[in-house]
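None of the figures in this text is laboratory data; all of them are computed from the coordinates on show. All values derive from a computational prediction rather than experimental measurement. A quick note on method: Cβ atoms are made from the backbone with ideal geometry, for glycine too, and the neighbour counts reach across all protein chains shown.
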Amino acid sequence: MRYCFDLLHPAHFHLFKNFIEHLKSSRHEVYIFVRPKDVLLELLKEKGWDFTVSPASASDNKFLGFFKHFLGYCKFVKNKKVDFHIGSSVVIGAASRLLGGKSTVWGEDDTSIMPLWTLANLPTHTFLRPSCLSFEKDRRDVYHNSYHELAYLHPGNFIPDRNVIEKYGLREKKYVVARFSALKAFHDKNARGISPELWSKIEGLIAGYQIVKSMELAKSHQIAPWDMHHVLAFAKMIISDSQTMTIEGAVLGIPSVRVNTFIGKSTLIEELEQKYKLAIGILPDHEKLILKTIEDIVINPDTEKTWEERRALLLADKVDLNRWMIEYYAK
């Protein structure tokens with residue numbers, strides 16, 4: 001079988017990396033097409049995989065970038081007789097209709113957050129989505145009882161390595177991860193996260209902890225991209241305006257405080273917040289609540305035990321998405 005992956009974001013690399021390894025070890029043909037963003041190329045190079053870079057560039061506007069990426073993808077797969085086009089992009093559905101093969105698009109956002117993404121994906125054959133979004137009925141939807149992040153952070157796929165944090169001079173539960181999103185995606189228009197003024201006040205509350213900063217689109221990194229999940233797994237907490245790293249922290253059982261204007265707009269994260277209580281989302285304007293929430297997590301002696309118990313409930317409910325993925329494509 002021939003599989004082509006269209007990767008647009010580091011999160012897509014992580015989502016599919018274990019499945020790609022499985023396919024390669026099973027001697028399937030695997031092709032990777034990439035539109036670079038943030039640390040995506042660094043992660044791919046560290047793996048040593050062959051990949052082809054899209055002609056679309058970061059300087060292109062959204063629509064020009066789409067057309068350049070679409071044409072580049074079509075040219076890339078034209079003579080490869082691909083059986084499955086896989087990714088979260090808006091080009092693989094149309095490309096599969098033109099060139100053959102089945103398009104399977106993975107998403108975990110509500111359609112209300114990404115209406116243009118949904119519209120552009122009309123040609124897609126199948127959507128793979130978490131079961132918490134099953135109320136958004138579409139005849140093309142196939143649901144899994146999991147999250148994207150459990151394709152690479154489920155205990156069946158990931159064992160945190162203390163040697164990694166020691167390499168950076170960090171001690172378990174003695175540091176806080178702070179993730180700052182660039183908020184420049186198409187669906188991030190008018191979005192707000194953690195302001196410099198708010199962050200200054202937060203720093204005062206966590207003064208006794210080392211701070212590990214992760215900044216989207218940064219040219220240099222305090223932590224190597226391939227080490228970040230190990231560092232996150234041993235953190236006291238994560239404070240973030242990023243959706244993805246909030247989920248990552250939560251499924252690892254790390255208190256995850258999210259500050260952005262997407263509060264109440266993501267069913268998946270609301271499930272983590274309300275059902276499993278692994279994440280806490282607060283609007284940026286609610287400064288007093290943000291500071292009190294962080295202070296409570298820091299001073300509560302039962303924080304680690306409580307989050308560990310909550311994570312156990314989550315893992316009992318959800319499946320290993322990588323295993324589910326392998327079984328789905330083998331059908």
*asked:* Net charge within 12 Å of TRP49 by Cβ-Cβ distance, Lys/Arg positive one each and Asp/Glu negative one each, not counting TRP49 itself?
replied: +1
*Picking from PRO10, GLY87, GLY107, whose Cα lies most toward the positive end of the charge dipole for the stretch 2-144 (charges on Cβ: Lys, Arg +1; Asp, Glu -1)?*
GLY87
*For ASP302 and LYS275 in one chain, what is 0.36 nm times their gap in residues minus the Cα-Cα distance, to one decimal in nm?*
7.8 nm
*Short version: ³J(HN,Hα) in whole Hz for each residue of the stretch 85-91, in order, from phi by Karplus 6.51 cos²θ - 1.76 cosθ + 1.60 (θ = phi - 60°), x for Gly and Pro, what are they?*
9, 10, x, 10, 8, 9, 9
*Can you give the extra length, in nm with one decimal, that the chain gains between TYR143 and ARG2 once fully stretched, where that is 0.36 nm per residue apart less the Cα-Cα distance?*
48.4 nm
*With charges only on Cβ, +1 for K and R and -1 for D and E, what is the dipole size of the chain about its Cα centre, in debye, rounded to 20?*
1020
*Label point distance in nm, GLU29-ASP285, each placed 7 Å from Cα along Cα→Cβ*: 5.6
*If r is the Cβ-Cβ distance from ASN61 to MET215 and R0 is 35 Å, what FRET efficiency results, to the nearest 0.05?*
0.90
*Set the Förster distance to 35 Å, then compute FRET efficiency between LYS68 and GLU203 from the Cβ-Cβ distance, nearest 0.05.*
0.25
*With Cα extents along the principal axes in Å defined as stated, name the option among [x] 59, 40, 40; [y] 60, 40, 34; [z] 97, 40, 30 computed from the structure displayed.*
[x]
*Note down the nm distance, to one decimal, between modelled labels 7 Å out along Cα→Cβ at GLU21 and at ALA224.*
1.5
*Given a Förster radius of 35 Å and the C-beta distance between VAL53 and GLU172 as r, what FRET efficiency does 1/(1 + (r/R0)^6) yield to the nearest 0.05?*
0.35
*asked:* Run the simple label-point estimate for LYS292 and LYS80 please: 7 Å along Cα→C-beta, distance reported in nm.
replied: 5.3
*Among GLY65, PHE19, TYR31, which residue has its Cα positioned farthest towards the positive end of the charge dipole of the stretch 2-144, with +1 placed on the Cβ of Lys and Arg, -1 on the Cβ of Asp and Glu, and the dipole taken about the Cα centre?*
TYR31
*How many angstrom lie between the C-alpha centres of the stretch 238-313 and the stretch 117-185?*
15
*Work out the length of the dipole vector of the stretch 162-317 about its Cα centre, built from +1 on the beta-carbon of each Lys and Arg and -1 on the beta-carbon of each Asp and Glu, and round it to the nearest 20 debye.*
280
*So between ILE326 and ALA312, what do we pick up on full extension, going 0.36 nm a residue minus the alpha carbon distance?*
2.7 nm
